[in-house]
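A quick write-up on the structure given underneath.
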Amino acid sequence: MYPQQKPGMRPTNPNFSSGPCAKRPGWSVDALKDALTGRSHRSGPGKIKLAKIIERTRSILGVPDDYRIGIVPASDTGAVEMALWSLLGARGVDMLAWESFGAGWQLDVSKQLKLEDVRLLNADYGQLPDLSTVDFSRDVVFTWNGTTSGVCVPDGDWIVADRQGLTICDATSAVFAYDLPWDKLDVTTYSWQKVMGGEAAHGMLILSPRAVERLESYNPPWPMPKVFRLTKGGKLVEGVFRGETINTPSMIAVEDALDGLKWAEQIGGGAALITRCKANLAAIEDWVGKSSWAGFLAQDPAQRSRTSVCLMVVDDWFKGLNADKQSAVVKALSKKLDEEGAAYDIGGYRDAPPGLRLWAGATVETINLEKLFPWLDWAYAQIKAEMET
Ligand SMILES: Cc1ncc(COP(=O)(O)O)c(C=O)c1O
């Protein structure tokens, strides 16, 4: 049942980390040769590059013309924090969490912003909170895809069209992998380092007209750091949404983001990116279906992530171990695969139940996942044999 022999072929690209994620197929530093290094981002050519990112992003993601797209500081975290600090407090808020990132946003809103009217809607790793209990007369903050549990919302149907509150969605490991319903999303955030395999450091902030209306009509009672400031004199700073960034971006990261977007266009745009993610999940599902030891952490297949795929070990021997031993097994497993050059950075998140996490976003080639599966089976057999003796 378990192979004793080392598989012959390694994945050509063993990068399965959930962030920074694998570079696009064929990427090399050559892709950065036209980077505007040593030049101002406010120069003519600098502004053009930043504006091109916004333009290409809009077209690939199908973002409506009346939505603003901005490049902001501090990766996805910066974009989410900017939204929370700038928009919340005008009404009560429902904060959804089913893994560590959602829990982090809950903590910020309760303990840092100290909002009083906060409802925390939680679920354990592997599950979603009951989405039918969300109150859309309030603001709603949620993560589209919980990167550390591999559980995503199944679609946007649970979000009501005639909501009074705003929806604020951390979509960092979902955007470019799912067809996002823009009419249901008032604020959407992400970073370049996920599905597009770009560099971290800069975040993307997408605002609906309703979000802009809130920004222009509501002034939060707390101080607003410069890196979060989106309005001046009660008006939106429109420049941010034309590429006039609040502070200095890395022009190397900018070039890399452009390279990723050009690649997406070449392979067929947003639909092609989504197809690649679906194919990757299908390959993993196929292998898990045949495996005697691996299973999905996500309980419901409709909520199974197609980017951050979280796996549990389900064989009886493993289930009989105590929590420390289980953690030791999965650590040893990912270490072995790392040492073999078969897979890097696939240990599950530290707060999640012991398991593995395979990034399956658009930059990952299905063939590399298929080459990885025999290695996973081999490594598990080795670790099990070592620990049993
Ligand atoms: C769901 C989610 N939110 C936020 C973050 C933080 O993103 P960043 O490190 O790009 O700020 C991550 C990173 O993995 C994530 O997966």
Exercise. Between P73, P225, P209, find the one with the highest GNM mean-square fluctuation for the chain; connect C-alpha pairs within less than 10 Å.
Key: P225
Quiz item: So which of K331/K371; K49/K111; K6/K262; K194/K336; K111/K325; K226/K262 end up more than 29 Å apart by C-alpha?
Solution: K49/K111; K6/K262; K111/K325; K226/K262
Quiz prompt | Max mean-square fluctuation residue, GNM over the chain, Cα-Cα springs under 10 Å, options T167, T231, T307 | solution = T231
Quiz item: For the pair E265 and K232, how long in nm is the line joining their label points, each one 7 Å along Cα→Cβ?
Solution: 3.0
Exercise. Evaluate the distance, in nm, between pseudo-label points positioned 7 Å from the Cα of A161 and of R242 along their respective Cα→Cβ axes.
Key: 3.4
Quiz item: Once the Cα gyration tensor of the chain is diagonalised, what are the square roots of 5 times its eigenvalues, in whole Å and ordered largest first, as equivalent ellipsoid semi-axes?
Solution: 37, 26, 17
Self-check item: Dmax and Rg, reported as Rg then Dmax, of region 303-380 (C-alpha, Å)
Solution: 12.5, 37
Exercise. Could you work out how far apart the two model spin labels at K325 and Q4 are, taking each label as a point 7 Å from the Cα in the direction of the beta carbon, and quote it in nm?
Key: 2.3
Exercise. May I ask you to list the trypsin sites (Lys or Arg not before Pro) in region 43-140 that are in a DSSP loop and have at most 16 other Cβ atoms within 10 Å of their Cβ?
Key: R91, K114
Quiz item: Can you work out the FRET efficiency for the pair D338 and A272, with r the C-beta to C-beta distance and R0 = 30 Å, to the nearest 0.05?
Solution: 0.45
Quiz item: Suppose R0 equals 41 Å; then what is the FRET efficiency for T12 and S110 from their Cβ-Cβ distance, rounded to the nearest 0.05?
Solution: 0.35
Exercise. Rounded to whole Hz and in sequence order, give me ³J(HN,Hα) for region 355-361 from the Karplus expression 6.51 cos²θ - 1.76 cosθ + 1.60, θ = phi - 60°, writing x for Gly and Pro.
Key: x, 10, 9, 10, 6, 10, x
Practice problem: Apply the Karplus parameterisation 6.51 cos²θ - 1.76 cosθ + 1.60, with θ equal to phi minus 60°, to every residue of region 338-352 and state each ³J(HN,Hα) to the nearest whole Hz, in sequence, with x for glycine and proline. | Solution: 5, 4, 7, x, 8, 7, 9, 6, 10, x, x, 5, 4, 8, 7
Quiz item: What FRET efficiency would be calculated for the residue pair A385, D124, taking the C-beta separation as r and a Förster radius of 45 Å, to the nearest 0.05?
Solution: 0.90
Quiz prompt | Long-range HN-HN contacts of L311 with modeled amide H, under 5 Å | solution = L297, L356, R357, L358
Quiz item: Using all Cα-Cα distances in region 87-171, what percent lands in each 10 angstrom bin from 0 up to the longest?
Solution: 19, 55, 26, 1
Quiz prompt | Ranking of I274, I48 by count of other Cβ atoms within 10 Å, fewest first | solution = I48, I274
Quiz item: Do the sum for the chain: with -39,500 (n - 2.57) for every DSSP H run of n ≥ 4, divided by all residues, what is the mean residue ellipticity at 222 nm, to the nearest 500 deg cm²/dmol?
Solution: -11000 deg cm²/dmol
Practice problem: Using DSSP, restrict attention to beta bridges with both residues in the chain and report what percent are antiparallel, rounded to the nearest 5. | Solution: 60
Exercise. Using a 10 angstrom cutoff on alpha carbons, build the Gaussian network for the chain and name the most mobile of G126, G156, G203.
Key: G156
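Read-outs throughout are calculated quantities, based only on the coordinates presented, and are distinct from any laboratory measurement. Just so we're clear, the structure is a prediction, and the values are computed from it rather than from any experiment. When we count neighbours, we look across all protein chains shown, and the Cβ atoms used for this are built from the backbone with ideal geometry, even at glycine.
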